Amino acid sequence: MAKKTTDKKPRNEFIEFYVDDFKGKLEFTYNFVEDSLEIRNQIIDNAKVETSYNKISGKVKRTNSTPLKNIELPFDCDKAIFKNFDVLVAIDTNTKLISDNLVSVTSSYFVNKPISECNKTGKYPFIPFASHLFININNSINAEKLGWHTIISNYVQNKFPRNYRIGIVVDCDLGAHDSINSYKDPYFEQFKLPENIQLIYASSDTKNDSIANQMINFSDKLANNIMQSDDLNRLLKADYLIDKTKHCEKYFPITSLKPS
């Protein structure tokens, strides 16, 4: 959920990666024009570019973490997105207690043009993609991750070609992203990401840091607007909700839009 902030602290951008079976020395070239590194003589793994700032407490606040697959490693998260992904989808879930029911709304946004094309024009058409309502999600289940799985399995995999490199923008569980993005661990229950999909971390309360931060902020606001709407109250009282499933007591697909 987004928090109001007047944050204008200086940002730090850094690249992190691991070297598989390191031998000898590490050779790299810095490209001044592109503001990027190129690793020449080693095989790297779990490469990512991150944006952060120092909080008043002294702790580091990460606002963005974007995985890198290209051998060119840019120090800018937006540049990393343009080089490594064709499509972005941002997914966020808000949860609230309403009439003794724990109500969760997952909402998502996508960019309805190839990211590379948007980069050339500087215009990013953010479009609502799909939203789901969940009632009383099981205590053992992370509502955010259930939201990821619902949007990915029901919409993303069915709407976009499998050769598209898809970035899923989320705002939680950053510590698990490396193992999820390397397809070693599942992102939800036993489900691993398809090999054309990776997670991008973006904080929803720092919307000006990157295109990914803007999108997760939009998704958060959409979920919050749905949560506060009169339509939701009418839906909760109606008979449209689908009865108990494996993960929750009831659920309902609020909207779904096909990319064009």
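The values are calculated or read from the model by the stated rules, or taken from the named source; none is laboratory data. Note that the structure is predicted; figures quoted are calculated from it, not measured. Here the Cβ is made from the backbone with ideal geometry for all residues, glycine too, and neighbour counts use every protein chain on show. Areas reflect the complete protein model, heavy atoms only, side chains present, ligands, DNA and RNA absent. Shrake-Rupley method; radii C 1.70, N 1.55, O 1.52, S 1.80 Å.
Positive end of the charge dipole of the chain (Lys, Arg +1 and Asp, Glu -1 on Cβ, about the Cα centre): tell me which of Asn54, Gly24, Ile98 has its Cα farthest that way. Final value for the positive-end residue is Ile98.
Using unit Cβ charges (K, R positive; D, E negative) and no other charged atoms, how large, in debye to the nearest 20, is the dipole of the chain about its Cα centre? Let's see the in-between values first.
Numbers: 34 positive and 33 negative charges, 86 e Å.
Here the chain has a charge dipole of around 420 debye.
When the chain is treated as a Gaussian network with alpha carbon springs shorter than 10 Å, the biggest mean-square fluctuation among His149, His132, His247 belongs to His247.
From the P(r) of the chain, can you give the percent of Cα pairs sitting at distances over 32 Å? Considering the chain, 25 percent of its Cα-Cα pairs are separated by more than 32 Å.
Using unit Cβ charges (K, R positive; D, E negative) and no other charged atoms, how large, in debye to the nearest 20, is the dipole of segment 34-84 about its Cα centre?
Numbers: 9 positive and 8 negative charges, 74 e Å.
Computed charge dipole of segment 34-84: roughly 360 debye.
The accessible area of Tyr124, taken with all protein chains in place and a 1.4 Å probe, comes to roughly 70 Å².
Dividing the mean sequence gap of close Cα pairs (under 8 Å, 6+ apart) by how many residues segment 134-260 holds gives a relative contact order of 29 percent.
For the chain, relative contact order (Cα pairs under 8 Å, six or more residues apart, normalised by length) works out to 21 percent.
Using the scaling law 2.2 N^0.38 Å as the reference, what is the normalised Cα Rg of segment 147-206?
Against the empirical 2.2 N^0.38 Å value, I get 1.08 for segment 147-206.
When the chain is treated as a Gaussian network with alpha carbon springs shorter than 10 Å, the biggest mean-square fluctuation among Ala176, Ala90, Ala202 belongs to Ala176. The charge dipole of segment 1-103, taken about its Cα centre with unit charges on the Cβ of Lys, Arg, Asp and Glu (plus for the first two, minus for the last two), comes to roughly 640 debye.
Quick one: helix 211-228 against the long Cα principal axis of the chain, what's the angle to the nearest 10°, folded into 0 to 90? Rounded to the nearest ten degrees, it is 10. Arg165 exposes around 100 Å² of accessible area when a 1.4 Å probe is run over every protein chain in place. Taking only protein heavy atoms and a 1.4 Å probe, the accessible area of segment 63-103 is 50% carbon and sulfur.
Ordering Lys159, Lys192, Lys145 from largest to smallest accessible area (1.4 angstrom probe), what's the sequence? Show your work: numbers first, answer last.
Numbers: Lys159 75, Lys192 105, Lys145 40 Å².
These residues rank, largest area first, as Lys192, Lys159, Lys145.
For the chain, the solvent-accessible area with a 1.4 angstrom probe is 53 square angstrom per residue. For Ile180, neighbours were defined as the other residues whose beta-carbon sits under 15 Å from its Cβ, and their charges (Lys and Arg +1, Asp and Glu -1) total -3.
For Asp205, the residues 5 or more places off, or on other chains, whose built amide H falls under 5 Å of its own are Lys3. For a label point 7 angstrom out from the Cα of Asp20 toward its Cβ, which stretches of segment 70-108 have the backbone nitrogen within less than 18 Å? Once the point is set 7 Å along Cα→Cβ of Asp20, 70-73 turn out to lie under 18 Å by backbone N, inside segment 70-108.
Just to confirm the filter: which trypsin sites (Lys or Arg not before Pro) across segment 221-250 are DSSP coil and have at most 16 other Cβ within 10 angstrom of their Cβ? Answer by residue number: Lys244, Lys246. The loop-placed GluC sites (Glu not before Pro) in segment 166-260, going by DSSP, that have at most 15 neighbouring Cβ atoms within 10 Å of their Cβ come out as Glu189, Glu195. For the set Tyr109, Tyr18, solvent exposure ranked by accessible area (probe 1.4 Å, protein chains only) runs largest to smallest as Tyr18, Tyr109. Please build a GNM for the chain, connecting alpha carbons under 10 Å apart, and tell me which residue among Leu236, Leu97, Leu37 fluctuates the most. Sorting by GNM fluctuation, first place goes to Leu97.
On a 1.4 Å probe surface of the protein chains, which of Arg11, Arg162 comes out largest in accessible area, and what is the full order? Please report the intermediate quantities before stating the final value.
Values: Arg11 75, Arg162 180 Å².
So the residues, ranked largest to smallest area, are Arg162, Arg11.
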